[in-house]
Structure formats: C-alpha cells, structure tokens
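Computed from the coordinates by the stated procedures, all read-outs in this text should not be read as laboratory data. Please read all numbers here as calculations on a predicted model, not as lab measurements. Cβ coordinates were reconstructed from backbone atoms using ideal geometry, including for glycine residues, and neighbour counts include every protein chain displayed.
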Amino acid sequence: MKKLVLIIVALFSFASCENPSVEEGLASLEASLAELQAAMSGVDVNQMLADIATMQDQVETMEADVEGYELQVEEWENQIQTILSDLASVQEIIDNAGTKTQVEAILADVEGIQAMIDQLVLIADYDYDGVINGLDQCPDTELGLTVNEQGCSEEQAAALTATASSTTTSSTGG
C-alpha cells in the first residue's frame, strides 16, 4: 500500500503542471502518509495474530465449559424434579395425617376397647373349669378335673394351702 501511495505521489510530482493548491494538497497527503506510516510502525501484526489464536483457543475452551455446564444444569434440574416429587409425596402424607386431636380421640377409643377386652378376659374361662378367670385362683387346671369354687382341683388346692402355710410360718418367724 505504501508503494501505491508513493507511486501516486511520484506521478503527481512529475506532472508538468505546477499548481500551488495541488502542491499544498500533495504536501498534506505526504504528511498524512507519514503519520500513517508512524502509526503502522508501532503495530506488531505477528503478535496480533498470536493473540487472536490464543483468544480462539480460549473461546473453544469456554464453549466446552458451557456444554459441561449445560449437562450439569440438566442434572440439577432432574434432581430438583425428584426433590419436588418427594416433597409432593410428603405433603400428601401430611395432608392425610391425623391431627393431634384426632390421634388423641383414637387413643381414647383404643383405651376404651382395651378396658372392654380386660373385662371380657375376667369373665372368660380359659381352662374351661367353670370358674371365670377373674375368680380362678388356679387358671391352668387340666381339662375334665373337678374343681372347687376357686377353680382349683384337689391337688392344686392342697398345693395352695401348703404354700400359704409356709408363707405364714416364715412371716411369723415360727
């Protein structure tokens, strides 16, 4: 480009016509050309090309990083969806759970039922000896044996009497 400008300048200077405004224009053009050459002399084109190559490498690295980030974001979105689903399940459990008052009412009902079961156990006769459990002092009488009003067979009654005598004797010190 410098050569082209110099050629143009040379052509104008060899031209036979001498015009002061052309001379001034050429002088101005030469001054501008000198300024341009001075500005261009400070530019390191090779360094600029190296910088551009470095920037291109950095852009490629950034693009790869962005792809990795997109995969990570997708994974996080899946995890968030799983968490939201789990939270919805927990919310459903909470919505269907009983209140403290409801649970207390159920416990009171269970206690009432337990009291009724205890009464049924007392009036039942588990060893089928004809004496209800609440009054039966010998709850494991064998089936078919004759029992007294405490629900004990003769052998069981004798054992109870012997146990009661030894307990009374040992407690009285005799």
**Asked** Relative contact order, percent, of the chain when contacts are C-alpha pairs under 8 Å separated by at least 6 residues?
**Response** 7 percent
**Asked** Quick one: if the Förster radius is 41 Å, what FRET efficiency do Ala158 and Val110 give, using the C-beta to C-beta distance and rounding to 0.05?
**Response** 0.45
**Asked** Picking from Gly42, Ala31, Ser21, whose Cα lies most toward the positive end of the charge dipole for the chain (charges on Cβ: Lys, Arg +1; Asp, Glu -1)?
**Response** Ser21
**Item:** the chain - Debye-derived log10 I(q)/I(0), Cα point model, q = 0.12, 0.14, 0.18, 0.20 Å⁻¹
**Value:** -0.93, -1.00, -1.16, -1.24
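Please report, in debye to the nearest 20, how large the charge dipole of the chain is about its Cα centre when each Lys and Arg carries +1 at its beta carbon and each Asp and Glu carries -1 there.
About 820 debye.
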**Request:** Would you work out which of Ile83, Met55, Gly68 lies farthest towards the positive end of the dipole of segment 54-97, given +1 charges on the beta-carbon of Lys and Arg and -1 on that of Asp and Glu, about the Cα centre?
**Result:** Ile83
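Let me spell out the model: positive unit charges on the Cβ of Lys and Arg, negative unit charges on the Cβ of Asp and Glu, origin at the Cα centre of segment 65-143. What dipole size does that give, in debye rounded to 20? Display every interim value, and only then the final one.
Numbers: 1 positive and 19 negative charges, 96 e Å.
Computed charge dipole of segment 65-143: roughly 460 debye.
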**Message:** Placing +1 on the Cβ of each Lys and Arg and -1 on the Cβ of each Asp and Glu in the chain, which of Ser165, Thr101, Ile123 has its Cα farthest towards the positive end of the resulting dipole?
**Reply:** Thr101
